[in-house]
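What follows is a single structure, and I will ask about it in a moment.
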Amino acid sequence: HIQNGQMKRGKTMKAAEKTIFVGDFETTVYEGQSYTEVWASALVEIGSENVIIHSSIEEAYNYLTGLKKDVVVYYHNLKFDGVFILNYLFMNGYEWVGNKEDIKDNTFTTLITDMGQFYSITVYFKKYNRKYRKVEFFDSLKIFPNFSVERVAEGFNLPIRKLKIDYNEHRSINHELTEEEIAYIRNDVEIMARALSIMFDQGLDKITIASDAMSYFKNSFVGFRKKFPKLPDDVDSAIRKSYRGGFTYVNEVWKE
């Protein structure tokens, strides 16, 4: 289910109004496996040190929906973790819908480009007082592009670092995690939670770093709207197509 939609300029997840988690999956990679499954999940609310560890995707999902409130979860590389989320949703009776008018209990929407870039997965699981409760999954790799978890820890000079485990050990769903494995996945989510907290504290709360940069520019540019008035919808829609294929990079000479 690839959605060839366009993200609206300046879309934000309103950090101050949501309960925001960082999540991570560890998946099986042992020799001879017939399929890949999640053997460990970690969730930590940003601003908290209480890391919740589960040994299956089902336990993690039930925890999130059991909170009975809207939740945002960031995964670092949603293109990877999101595939397991989508598989779980389809296997458990959820229906993908392409329009807001079709939303009902146990449906979900996606923002995935036809190039396979994952931006978000939004799950609507229950209606209360005419409003659907939802869990939104976002990609922190869109905020820290080309940054591994290890590089994020180093770049933000955090007091914790990414750990190592043997990925090739035989593990399966409901595997009893060792202390080493728990420490490994705990550090991964804590690193990303601390880095995102720093970003949010600076008002950088859009779902991509490009949107944050544009927002910062507009807020810093005196008279921005006077010089760049809002375009009519049909003109904006036509111009927005030119975004496809854009490329930006920083020359190492001018880095930092």
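The values are calculated or read from the model by the stated rules, or taken from the named source; none is laboratory data. Nothing here was measured: the structure is a model prediction, and the numbers come from that model. Please note: Cβ atoms are built from the backbone with ideal geometry, for glycine as well, and neighbour counts cover all protein chains shown. When the accessible area is computed, the model is the full protein with side chains, heavy atoms only, and any ligands, DNA or RNA have been set aside. Shrake-Rupley method; radii C 1.70, N 1.55, O 1.52, S 1.80 Å.
Answer yes or no as to whether residue 116 is small (Gly, Ala, Ser), in contact with a helix residue (DSSP H, G or I) (Cβ under 7 Å, 6 or more places away or on another chain) and over 30 Å from residue 177 (Cβ atoms).
yes
Determine, yes or no, whether residue 237 is of a type in the set (Ser, Thr, Tyr) and either in contact with a strand residue (DSSP E or B) (Cβ under 7 Å, 6 or more places away or on another chain) or exposed (fewer than 10 other Cβ atoms within 10 Å of the Cβ) (or both).
no
Taking into account only those residues within the range 142-156 that are part of a helix (DSSP H, G or I) and not basic (Lys, Arg), which is surrounded by the fewest Cβ atoms within 10 Å (Cβ to Cβ)?
Only one residue fits best here, namely 155.
Looking at the range 128-141, which of its residues are open to solvent by 40 Å² or more (accessible area, probe 1.4 Å) and more than 18 Å from residue 209 (Cβ to Cβ)?
128, 129, 130, 131, 132, 133, 134
Determine whether residue 89 is farther than 24 Å from residue 188 by Cα, open to solvent by less than 30 Å² (accessible area, probe 1.4 Å), part of a helix (DSSP H, G or I) and at pLDDT 90 or above.
Considered against the rule, which asks whether it is farther than 24 Å from residue 188 by Cα, open to solvent by less than 30 Å² (accessible area, probe 1.4 Å), part of a helix (DSSP H, G or I) and at pLDDT 90 or above, residue 89 comes out as yes.
Separate question: Are any residues in the range 27-57 open to solvent by 20 Å² or more (accessible area, probe 1.4 Å), among the hydrophobic types (A, V, I, L, M, F, W, C) and over 15 Å from residue 190 (Cα atoms), and if so, which ones?
Passing the criteria: 29, 57.
Please go through (1) open to solvent by less than 30 Å² (accessible area, probe 1.4 Å); (2) out of contact with any His (no Cβ under 8 Å at 6 or more places or on another chain) for residue 60 and return the number of the only condition it doesn't satisfy.
(2)
Residue-by-condition table, conditions (1) β-branched (Val, Ile, Thr); (2) open to solvent by less than 70 Å² (accessible area, probe 1.4 Å); (3) farther than 26 Å from residue 30 by Cα:
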residue: 158; (1), (2), (3): no, yes, yes
residue: 161; (1), (2), (3): no, no, no
residue: 165; (1), (2), (3): yes, yes, no
residue: 171; (1), (2), (3): no, yes, no
residue: 174; (1), (2), (3): no, no, no
residue: 180; (1), (2), (3): no, no, no
residue: 196; (1), (2), (3): no, yes, yes
residue: 202; (1), (2), (3): no, no, yes
residue: 207; (1), (2), (3): yes, yes, yes
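Sticking with this one: Just for helices (runs of 4 or more DSSP H) wholly inside the range 160-239: which have at least 3 residues that are modelled with pLDDT of 95 or more and within 23 Å of the chain's Cα centre (by Cα)?
It comes to 179-201.
Also: Restricting the range 209-232 to residues that are loosely packed, with under 12 Cβ neighbours inside 10 Å and polar (S, T, N, Q), which is farthest from residue 119 (Cα to Cα)?
Selected residue: 220.
Restricting the search to the range 111-122, which residues are surrounded by 15 or more Cβ atoms within 10 Å (Cβ to Cβ), out of contact with any Asp or Glu (no Cβ under 9 Å at 6 or more places or on another chain) and not hydroxyl-bearing (Ser, Thr, Tyr)?
111, 112
Please tell me if residue 125 is part of a loop (DSSP other than H, G, I, E, B), among the hydrophobic types (A, V, I, L, M, F, W, C) and crowded, with 16+ Cβ neighbours inside 10 Å.
Judged against the criteria, residue 125 is not a match.
Hey, another quick one. Can you find a residue that is modelled with pLDDT of 90 or more and part of a helix (DSSP H, G or I) anywhere in the range 103-120?
Checked the range 103-120: no residue is modelled with pLDDT of 90 or more and part of a helix (DSSP H, G or I).
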